[in-house]
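Accompanying notes for the structure given below.
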Amino acid sequence: MNFDDWYKYGIQHEYISETFCLTHDLGPMSDLENELWEEGVDLCAFGVRLGNPDEWEEQAGYLKRI
């Protein structure tokens, strides 16, 4: 199974969320998380970046070109 198939499978079976921007969007939240957010509780969102620093440089270069 390649990454695209794995990703689609995960979304279809609700193992993962749709892609979102951690910089500009909040991730999908549960009803309880929404309630806590409205009460002023600061919810942390943790993430990881896949790959290695050389690949990150390539990605940044790609973004610079678009």
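The values are calculated or read from the model by the stated rules, or taken from the named source; none is laboratory data. Nothing here was measured: the structure is a model prediction, and the numbers come from that model. Positions of Cβ are generated from backbone atoms using ideal geometry, with glycine treated the same way; all protein chains shown enter the neighbour counts.
Brief remarks on what is shown
- Pick from the stretch 16-27, criterion loosely packed, with under 10 Cβ neighbours inside 10 Å and of a type outside the set (D, E, K, R), ranking: modelled with the highest pLDDT: THR19
- Qualifying residue in the stretch 51-60 (condition: at pLDDT 75 or above and among the small types (Gly, Ala, Ser)): no
- For first residues located in the stretch 2-14 and surrounded by 12 or more Cβ atoms within 10 Å (Cβ to Cβ), partners that are modelled with pLDDT under 85 and lie 6+ apart or on another chain with Cβ distances below 7 Å form the pairs GLY10/ILE16; ILE11/GLU18.
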